[in-house]
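Notes follow the structure.
What follows draws every value from the coordinates through simple rules; no lab data is involved. This one's a predicted model, so the numbers in the text were calculated from it and none came from an experiment. A quick note on method: Cβ atoms are made from the backbone with ideal geometry, for glycine too, and the neighbour counts reach across all protein chains shown.
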Amino acid sequence: MSFNADTIIRILTIISLGGLLFTTGLRLTWPEITASLRCNRIGWVLPVNFVLVPAITYVAARLFHFPANLAIGMMLLAAAPFAPVVPVFTKMARGDMPLAGALTALFPFFSAFLTPIACEIVLKPWLGTAALKFSFLKILLVLVSTITLPMALGVGFSHWLPSLARKLIWPFDVFSEGAGAVSLGFVSYVEFAAVRNTGWKALLVMAAICELCLLIGYFTSGPGPGARRVVAFGTSNRNIALALLVGIESFPGTTVLAAVVANGLLLIFIGLLHVAYWRFLRPIEPKA
């Protein structure tokens, strides 16, 4: 991927995700978010995402004897939970939006410290005596500025300027979703060779891991189907940007980054299939 293509993708992604997270915040209020966190069973979210998912991916990589760079790319993703698309997928699947917003905004603070630690542990067989290169502060700054801050800003507008917030939802939705569609199409085109070179065996294994993690997230959360969908999306859709951030520091100029992008795109497409299933085939009955 050339520097120009990389720059275009980065700009489109920041515009799209920033806008989508901002509009997510516009739809929420602080009381809704705190109430959702209090009434949902989320005690298993951290160990499932930072321990169980990396462990499952580690076992799969060792079992199928994947090349080192491919295995590293897969495990960087496994250690980077709750992609910023989780609130978007939750909205389309009619899940618990306050919970999706709360967990997506909180996870950058956990990920900045737990993702590098999880990577250090599961990548030990491939790193040997070497160590990962990462900056907790840099990771935290990037995640908070691109995920937590836009959403918190939207919630602030919704709380203090509700009439303006309602007017901003539609234009920001249209603009952000348009930028997201262009970004996804452009990334798919630019990274097609990387996806093809990853191999169908590795992609099928990653798809199976994704499905297993989705089921684990769904059945370890609750209490209602809306909350289960949030945790299922968060557990199965990993944060590509975070995985790349760790990968760029430690594995520059290698195929590790291509493996992250290829598998990350696969997770997005699988997530969209689940959105369609839950939205059209298993809709949640509205509360009376």
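Seen against the Cα atoms of the chain and their longest principal axis, helix 200-219 is set at about 40 degrees. Local charge for ILE270 was computed over the other residues whose Cβ lies under 12 Å away, with Lys and Arg +1 and Asp and Glu -1, and equals 0.
Relative to the longest principal axis of the Cα atoms of the chain, the long axis of helix 3-26 makes an angle of roughly 30 degrees.
Bridging of LYS124 to lysines at a Cα separation below 24 Å is possible for LYS133, LYS138, LYS201, once same-chain residues fewer than 8 apart are set aside.
Across the chain, C-alpha contacts under 8 Å between residues 6 or more apart give a mean separation that, scaled by the residue count, equals a relative contact order of 35 percent. Note on VAL174 and LEU273: the extension gain reaches 33.5 nm, defined as 0.36 nm multiplied by sequence separation minus the Cα-Cα distance.
Would you please give the FRET efficiency between LEU203 and ALA68, computed as 1/(1 + (r/R0)^6) with r the Cβ-Cβ distance and R0 = 22 Å, to the nearest 0.05? For LEU203 and ALA68, the calculated efficiency is 0.80. Put a plus charge on the Cβ of each Lys and Arg, a minus charge on the Cβ of each Asp and Glu, and nothing anywhere else: the dipole of the range 167-288 about its Cα centre is then about 320 debye. Measuring gaps between exposed loop sites in the chain (trypsin sites (Lys or Arg not before Pro); DSSP loop; at most 15 other Cβ atoms within 10 Å), the longest gap, sites not included, is 134-286. Computed from Cα positions, the angle between helix 53-63 and the longest principal axis of the chain comes to roughly 30 degrees. Note on the range 22-145: with charges restricted to the Cβ of Lys and Arg (+1) and Asp and Glu (-1), its dipole about the Cα centre is near 40 debye.
Computed over the chain with a Gaussian network model linking Cα atoms closer than 10 Å, the most mobile of ASN197, ASN239, ASN69 is ASN197.
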